[in-house]
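Single-structure report; data block below.
The values are calculated or read from the model by the stated rules, or taken from the named source; none is laboratory data. The structure displayed is predicted, hence computed values, not measured ones. Because the Cβ atoms are built from the backbone with ideal geometry, glycine has one as well, and the counts that use them run over all protein chains shown. Ligands, DNA and RNA are excluded from the accessible area calculation, which covers all protein heavy atoms including side chains. Shrake-Rupley method; radii C 1.70, N 1.55, O 1.52, S 1.80 Å.
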2 protein chains.
Amino acid sequence: MVTLAEVAQHAGVSASTVSYVLSGKRSISATTRQRVEQSIRELGYHPNAGARALAGKRSNIIALMVPLRTDMYVPVMMEIAIAVATTARAHGYDVLLLTGEEGPDAVRRVTGSGLADAMILMDVELEDERLPLLRGGDAPGRATSGPGDEQPSVLIGLPADTTGLTCVDLDWSATGALCVEHLAGLGHRDIAVIGEAPAVYERHTGFAERTLDGLRSRARETGVRVLHRPCEGGYDALALTLARIFDERPGTTGFVVQNESAVEPLLALLRQQGRAVPEDVSVVAICPDQVAVQASVRLTSVAIPAQEMGRRAVEHLVAKLDGRGGDEVVLLTPELTVRASSGPAPAAP
Amino acid sequence: MVTLAEVAQHAGVSASTVSYVLSGKRSISATTRQRVEQSIRELGYHPNAGARALAGKRSNIIALMVPLRTDMYVPVMMEIAIAVATTARAHGYDVLLLTGEEGPDAVRRVTGSGLADAMILMDVELEDERLPLLRGGDAPGRATSGPGDEQPSVLIGLPADTTGLTCVDLDWSATGALCVEHLAGLGHRDIAVIGEAPAVYERHTGFAERTLDGLRSRARETGVRVLHRPCEGGYDALALTLARIFDERPGTTGFVVQNESAVEPLLALLRQQGRAVPEDVSVVAICPDQVAVQASVRLTSVAIPAQEMGRRAVEHLVAKLDGRGGDEVVLLTPELTVRASSGPAPAAP
DNA sequence: ATAGGCTGTCGAAGCGCTTCGACAGCATGC
DNA sequence: GCATGCTGTCGAAGCGCTTCGACAGCCTAT
């Protein structure tokens, strides 16, 4: 293991000079700098992370807390995680992977031990237990003992109360509205929404409820009827759900699907029932583009910008760590891409 | 930030005593221990990770290198990653998430900086550039400068040469054999294999080639004909592939699918062509159980034991770090579950 | 010519922890 | 009664780095 002292000796300078070459915090003459850099290369020196964290009071590590459960949107999570890791590296940070398993204790542990300088939380619930530990600013009821001692953090997802928090998320409400708007514009009057598994709503994951809100309020404005049904993935569950929907609203001609594992079953079942897409029924999905393109019918969809969410989260966090920028809620504007699964509503019989 | 010294003062003992209470490396009287533990709880003390790493020469961090690309098996990777994180925590380790992006440099950086004590590599290629840096033992041509200074590591996946390496993987060759065996036992004589995207074979990812080897050699033994076709996911690509297969081998009655995103398209296209599953053609998939169960036909499949792979990888690594156990290749035995997609071959026309 | 200001470098302190050797106190063996 | 061996605790050194203050050397302004 090569140390700074060895580099210093090799280059014929003092340890502090090497340190300043590395950090650039004091000016160093060009010749000395080059000599030191040469030694670093020759010896294959890498600064010791522990020593650096101890002396410098920052670890250059960002903690990323991913949900333990994998009941939804796994590829989206993975994409976010990878975008976080990549962007973090680009800013000189490494990423520590935490699972939701430990809950708030993980936050305390990481904060207390100085393991990470900051945190990114995914899959935030509306009333998340971890939030009191992260809330900054002058929020009442915060659990920290003084201003400025809380862990800088960014949430991917939106809790009920965002006071003193920085959040990045897709604007789910606008997403819902956009779907309804598209279908309403095509003349559809009865729309069914096939949602996530009931468990997702029960644990009050914000995005599902917000989407629904957007969906419903735009439906009200455009005079469209909306029927929402949560649904487990898979064929059997969807067959049941679909039967109930047509039972209750036989005139349904538009579908909004927010559940990756219901997309293909829906298309298959509709086909099987002799309902043509998009001639008889239109389908709009809320899913990553890749899913929309690979489906048996190229789906009109609102994309989930996973990469962008990961990237933005890191960039905000880095800004905070650099003392730039404060708390803020960033909502990404949804974009709807028209593909082959949506068209004009059929003439009423 | 609470320090060890503050805990010591609060408990009325010396710093070293607190340290020994924490580590258990020397005997401490019950009363002193309790007093110290009480202080730790009252003050909410967490040992500083950097200081610990510096003084103790280990960071209690395991690096996990995941592939950057997400062109295959994303849920499997995620499941492995989560299993790694969970198991690692159970052994007192945290997990650092690295992407393949930096390649061998990441290995050097992590090794050199003492950021992590050990590494787990996923998605290992047959001739992986990172391997020379990790090979231990007396392997010739290793790049380390002396025995014992290489990073302990475990690979998930099997490279061409495993000398001096520890690997955990599903026995893909046995997996291929198992699929053929099952179909041959049902009387199928012409089997088509729908594989991963061509790119996966081109980059010599071991599992794909090994599966094929197992498939072919068992086919030879059982007198079955095998036609292998790589395939991008999605409907269009699969439609083309399928047409070619039936063109070349009209008597094909058995399919082995090793490509998650080809499963559903295959079932849909077969249905569309009037070929009933399993009456006319049988399908065996190599995929996570969840996919097999959620498909439109419950699929006979060989499961990919993602959790187990992650868990075993960590356990081996921890054993190595504790000085127990050495290099070893662990191949998990595949298990085939018969579901509704496979049955006796139809009588020859 | 001299005071003052820069620049570039160095030495030393200290970050919070682990660990080694020392040693006090006590029980044991003869 | 004294050497012996434990047990439990302490002090101090040191891990590799950052950073502060000091200061030598030189340039500019008066």
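What are the residues whose amide H is under 5 Å from the amide H of B:R339, where those residues sit 5 or more places off or on another chain and H is modelled from the backbone?
B:T300, B:S301
Helix-only estimate, please: 222 nm mean residue ellipticity of chain B, summing -39500 (n - 2.57) across DSSP H runs of length 4 or more and dividing by its residues, to the nearest 500.
Helices in chain B give a 222 nm mean residue ellipticity of -13500 deg cm²/dmol.
Taking amide H atoms as placed 1.01 Å from N in the peptide plane, list the residues 5 or more away in sequence, or in a different chain, whose amide H sits under 5 Å from that of A:Y73.
For A:Y73, the qualifying residues are A:E260.
For label points placed 7 Å from Cα toward Cβ, what is the shortest-first list of nm distances from A:T333 to its copies?
6.0
Which loop trypsin sites (Lys or Arg not before Pro) in the range B:288-349, with loop taken from DSSP, have no more than 11 other Cβ atoms within 10 angstrom of their Cβ?
Sites meeting the loop and neighbour criteria: B:R324.
Counting only heavy atoms of the protein chains, get the accessible area per residue of the range A:1-139 (1.4 Å probe) and round it to a whole Å² value. Walk me through the numbers on the way to the answer.
On the way: 6090 Å² over 139 residues.
Using a 1.4 Å probe on heavy atoms only, each residue of the range A:1-139 averages 44 Å².
Just to be sure I understand: if I project the alpha-carbon convex hull of the protein assembly as shown onto a plane and average over all orientations, what area do I get in nm²?
It is 36.1 nm².
If you build the Cα gyration tensor of the range B:5-146 and take the root of 5 times each eigenvalue, what three semi-axes come out, in whole angstrom, biggest first?
39, 19, 12
Quick check: net charge around A:T175, other residues with Cβ under 12 Å of its Cβ, Lys/Arg +1 and Asp/Glu -1?
Counting the neighbours of A:T175, the net charge comes to -3.
Just which residues of the range A:205-236 lose 30 Å² or more accessible area with every protein chain there, against their chain alone, with the probe set to 1.4 Å?
Residues losing area: A:Y235.
Would you kindly work out the equivalent ellipsoid of chain A from its C-alpha gyration tensor and give its semi-axes, the square roots of five times the eigenvalues, largest first in whole Å? Display every interim value, and only then the final one.
Working: eigenvalues 505, 92, 54 Å².
Equivalent ellipsoid of chain A: 50, 21, 16 Å, largest first.
Find every distance from the label point of A:V293 to the corresponding label point in the other copies (7 Å from Cα along Cα→Cβ) and write them in nm, one decimal, shortest first.
Ordered by increasing distance: 3.2 nm.
Computing the accessible area with a 1.4 Å probe over protein heavy atoms, can you report the carbon and sulfur percentage for chain A?
Its accessible area is 50 percent carbon and sulfur atoms.
Could you name the lysines whose alpha carbon sits less than 22 Å from that of A:K320, not counting residues in the same chain fewer than 8 places away?
Within reach: A:K25, A:K57.
I'd like to check one number: the per residue accessible area of the range B:236-321, probe 1.4 Å, reported in Å² as a whole number.
36 Å²
Please identify every one of the GluC sites (Glu not before Pro) in the range B:176-248 that sits in a loop by DSSP and has no more than 15 other beta carbons within 10 Å of its own beta carbon.
none
May I ask you to evaluate 6.51 cos²θ - 1.76 cosθ + 1.60, the Karplus curve with θ = phi - 60°, for each residue of the range B:54-62 and list the ³J(HN,Hα) values in order in whole Hz, giving x for glycine and proline?
5, 6, x, 6, 8, 9, 6, 10, 10
With both partners inside chain A, how many of the DSSP beta bridges are antiparallel, as a percent to the nearest 5? Let's see the in-between values first.
Working: 3 of 39 bridges.
Antiparallel: roughly 10 percent of the beta bridges in chain A.
What is the sum of charges, Lys and Arg at +1 and Asp and Glu at -1, for the other residues whose Cβ falls under 15 Å from the Cβ of B:L238?
-2
Computed over the Cα atoms of the range A:172-304, what is the convex hull's projected area averaged over all directions, in nm²? Can you show the working numbers first?
Working: hull surface 28.2 nm².
If I average the Cα hull's projected area over directions, I get 7.0 nm².
Could you give each residue of the range A:175-185 its phi-based ³J(HN,Hα) in whole Hz, using Karplus coefficients 6.51, -1.76, 1.60 with θ = phi - 60°, and x for Gly or Pro?
4, x, 4, 4, 4, 5, 4, 4, 5, 4, x
Given a Förster distance of 45 angstrom, what is the FRET efficiency for B:Q34 paired with A:L321, based on the Cβ-Cβ distance and rounded to 0.05?
0.70
Compute the acute angle (0 to 90°) between the alpha-carbon long axis of helix A:30-43 and the principal axis of greatest extent of the alpha-carbon atoms of chain A; round to the nearest 10°.
That helix lies at roughly 70 degrees to the long axis.
Using the Cβ atoms and a cut-off under 11 Å, what net charge is assigned to the surroundings of A:M65, where Lys and Arg are +1 and Asp and Glu are -1?
Local charge sum for A:M65: -3.
Calculated FRET efficiency, A:E102 and B:E328, Cβ-Cβ r, R0 35 Å, to nearest 0.05?
Working from the Cβ atoms, E equals 0.70.
Dipole size in debye (nearest 20) for the protein assembly as shown around its Cα centre, Lys and Arg Cβ +1, Asp and Glu Cβ -1? Write out the running numbers ahead of the final one.
Working: 66 positive and 86 negative charges, 238 e Å.
Dipole size: approximately 1140 debye.
Using modelled amide H (1.01 Å from N, peptide plane; none on Pro or chain starts), what sits under 5 Å from the amide H of A:L155, excluding residues fewer than 5 places away?
Here the answer is A:L121, A:T166, A:C167, A:V168, since their amide H atoms fall under 5 Å of that of A:L155.
Quick one: work out Rg over Rh on the C-alpha atoms of the range B:148-191, Rh as Kirkwood radius. Provide the component values of the computation, followed by the final result.
Details: Rg = 16.8 Å, Rh = 13.1 Å.
Answer for the range B:148-191: 1.28.
Report ³J(HN,Hα) in whole Hz for each residue of the range A:302-308, in order, from the Karplus equation J = 6.51 cos²θ - 1.76 cosθ + 1.60 where θ = phi - 60°; Gly and Pro get x.
My calculation for the range A:302-308 gives 9, 6, 9, x, 4, 4, 4 Hz in order.
Computed FRET efficiency, Cβ-Cβ of A:A5 and A:H204, R0 41 Å: what is it to the nearest 0.05?
E(calc), rounded to 0.05, equals 0.15.
Taking a probe of 1.4 Å and counting only protein heavy atoms, give the total accessible area buried between chains A and B in Å², rounded to the nearest 100.
Answer for the A-B pair: about 3900 Å² buried.
Got a sec? Charge dipole of the range A:190-332, +1 on Cβ for Lys and Arg, -1 for Asp and Glu; which of A:A262, A:T222, A:V314 is way out at the positive end?
Toward the positive end, the furthest listed residue is A:T222.
How crowded by other chains is A:76-84, given as the mean number of beta carbons from other chains within 10 Å of each beta carbon?
Per-residue shielding by partner chains comes out at 4.
Report the convex hull volume per residue for the range B:4-47, counting only C-alpha atoms, in Å³.
Hull volume over Cα atoms, normalised by residue count, gives 57 Å³.
Residues of the range A:39-53 with accessible area at least 30 Å² lower in the all-protein-chain context than alone (1.4 Å probe)?
Buried on complex formation: A:H46, A:A49, A:G50.
Between A:E279 and B:R189, with labels modelled 7 Å along Cα→Cβ, what's the label distance in nm to one decimal, could you check?
4.2 nm
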